[in-house]
Amino acid sequence: MIITAIVFWVVALAFMLVTLKNILVRTFKTRRCTEPANGVITEVKQRTSRREGIVTIEYIPTVSYTVAGAEYSAKFTKAYHAATYTIGQAVEVMYNPDKPSEINTKGASNKADIVLFGIGILIGVIGVALLMFR
């Protein structure tokens, strides 16, 4: 029973650390990248990964945008459906006014990360309950 509780705690800690990192990265990107610019999707690359028999396909667009007459290109927010982005599609990017080559690819919402953080806490509580009621 103790080993099971420890496994739950390790899984909970992993959930919480990964989601906390994502929350912090998204928060810092949102604070730094405050200026909007109109961009255009210039390329969409497909990346396939296989893990434990599960195939995941990601579509990673490149967006071009202009700031103060200078042209920039950067990887944009990845998608999991091919129809999400098309070449020539107009998108809005939020860039860092101090470093225009930096854009926010994380978006502004932390909802999914907060849910995953809550799941991590729940798994940790289950681990504690296993020790208390053994």
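Every number here is computed from the coordinates shown, using simple stated rules; none is lab data. Since this is a predicted model, take the numbers as computed values, not measurements. Positions of Cβ are generated from backbone atoms using ideal geometry, with glycine treated the same way; all protein chains shown enter the neighbour counts.
Brief remarks on what is shown
- Correct choice for log10 I(q)/I(0) by the Debye sum over Cα atoms at q = 0.12, 0.13, 0.15 Å⁻¹ that was computed from the model, options (1) -0.38, -0.44, -0.60; (2) -0.48, -0.56, -0.73; (3) -0.64, -0.72, -0.85: (3)
- Principal-axis tilt of helix 2-32 within the chain, Cα atoms, nearest 10 degrees: 20 degrees
- Spin-label model distance (nm) - His81 vs Glu58, 7 Å beyond Cα toward Cβ: 1.9 nm
- Computed [θ] at 222 nm, helices only, for the chain once each DSSP H run of length n ≥ 4 contributes -39500 (n - 2.57): -14000 deg cm²/dmol
- Taking Arg32, Arg51 and counting other C-beta atoms within 10 Å, the order from fewest to most: Arg51, Arg32
- For the chain, the residue among Phe117, Leu130, Ala14 whose Cα projects farthest onto the positive side of the dipole built from Cβ charges is Leu130.
- Integer Hz, Karplus 6.51/-1.76/1.60 couplings in order for segment 89-99, x for Gly and Pro: 5, 7, 9, 9, 10, 10, 10, 7, x, 7, 8
- Between helix 111-132 and the chain there is an angle of about 10 degrees, using the helix long axis and the longest principal axis of the Cα atoms.
- Think of segment 34-95 as having a plus end and a minus end, set by charges on the Cβ of Lys, Arg, Asp and Glu; of Ser64, Gln89, Gln46, Gln46 sits farthest toward the positive end of this dipole.
- For segment 52-67, 3J(HN,Hα) per residue [Karplus equation, 6.51 cos²θ - 1.76 cosθ + 1.60, θ = phi - 60°, Hz, x = Gly/Pro]: 6, x, 9, 9, 10, 10, 10, 10, 10, x, 10, 10, 10, 8, 10, 10
- Among Glu102, Glu58, Glu52, the ranking by other beta carbons within 10 Å of each residue's beta carbon, starting with the fewest, stands as Glu52, Glu58, Glu102.
- Summarising the amide proton neighbourhood of Gly39: residues at separation of 5 or more, or on other chains, whose placed amide H is nearer than 5 Å comprise Val91, Glu92, Val93.
- Fewest neighbouring Cβ atoms within 10 Å first, the residues Tyr95, Tyr59 line up as Tyr59, Tyr95.
- Unit Cα scatterers, Debye sum, segment 34-95: log10 I(q)/I(0) for q = 0.14, 0.16, 0.25 Å⁻¹: -0.44, -0.54, -0.98
- Remark: the chain carries a charge dipole of roughly 400 debye about the Cα centre, counting +1 on each Lys and Arg Cβ and -1 on each Asp and Glu Cβ.
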